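Below you'll find the structure, written out as structure tokens, and then a few comments.
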């Protein structure tokens, strides 16, 4: 397993030695201590792949893999995908779960090109004053068809309707920040910080200030607990952000709106 691990991490410092109760992990010839989360994930992942190839009839089996690239950096995601693709190419049935969008796109491209029977699903959480629920439904077409999450996140923001509860509002500042960052990335293509980019946009100054405070302050956990301003500010500032995009880039907004309202 030492060779695959070197290829996976792109480093040669980790190695394995057989021990009475399994393997001993060494770093530069000395027993390894304080492995990083990424190193632990890589070792566990490669061990699973080795065991899958040696001790399991993959051609007649069902394989379930839950988020195999957690804690890995972006370069290792491609290595994980390559090992996974080769190990599972002849599997009878595979369930792959992930919350990483880049990894999801690699999987979709692989399965589409393989022309195998496939179902893309997503877990959707919802809530009310009395409960928090989750359901499995078909993956949104905007996530399936586009190379980034931007179109889907715009749709969520566009269709958002606050009912005055924390449950329906708590995730919106994070979505608003991602939409704002992506929009400003192409509208104000510079290395400036978010505040400076927003400052350069020709739009109502008061609304811009509100958008920034909402998307910046309320999208981060401060350690001070829940900010009661969130519920009251969510619908108003989401509308300000959409209004800004429509004002400064009407054709862009119209295209996004078409996608967001498609059946």
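The numbers here are math on the coordinates, done by the rules we state, and not lab data. These numbers come from a predicted model, not from an experiment. Virtual Cβ from ideal backbone geometry, glycine too; neighbours counted across all protein chains shown.
Between residue 121 and residue 32, the simple spin-label model (points 7 angstrom out along Cα→Cβ) gives 3.4 nm. Beta bridges from DSSP with both residues in the chain: antiparallel share about 75 percent, rounded to the nearest 5.
In this rough spin-label picture, where each label sits 7 Å from Cα along the Cβ direction, the residue 17-residue 54 distance is 1.9 nm. Could you give the angle, 0 to 90 degrees to the nearest 10, between helix 37-55's Cα long axis and the longest principal axis of the Cα atoms of the chain? The helix 37-55 is inclined about 50 degrees to the chain.
The calculated FRET efficiency for the pair residue 206 and residue 162, based on their C-beta separation and a Förster distance of 25 Å, comes to about 0.75.
Between 0 and 90 degrees, the angle of helix 205-217 with respect to the longest Cα principal axis of the chain falls at about 30 degrees.
Relative to the longest principal axis of the Cα atoms of the chain, helix 229-248 runs at roughly 80 degrees. Among beta bridges identified by DSSP and lying wholly in the range 1-157, the antiparallel ones come to about 75 percent. Each of (i) 1.11; (ii) 1.17; (iii) 1.25 is a candidate for Cα Rg over 2.2 N^0.38 Å; the one calculated from this structure is (iii). In terms of its C-alpha gyration tensor, the range 147-263 has an oblate overall shape, because the principal axis ratio a/c (a ≥ b ≥ c, square roots of the eigenvalues) is not below 1.5 and a/b does not outweigh b/c.
Within the range 77-104, which residues have the backbone N less than 15 Å from the label spot 7 Å out from residue 139 along Cα→beta-carbon, could you tell me? The answer is 81, 85, 94-104, whose backbone nitrogens lie closer than 15 Å to the label point. Sorting the segments 185-194, 244-253 by their residues' average number of neighbouring beta-carbon atoms within 10 angstrom, most packed first, yields 244-253, 185-194.
Given an 8 Å cut-off on Cα distances and at least 6 residues of separation, report the relative contact order of the chain as a percent.
13
Multiplying the residue separation of residue 44 and residue 236 by 0.36 nm and subtracting their alpha-carbon distance yields 64.5 nm. Between residue 262 and residue 195, the modelled labels are 3.9 nm apart [label points 7 Å from Cα along Cα→Cβ].
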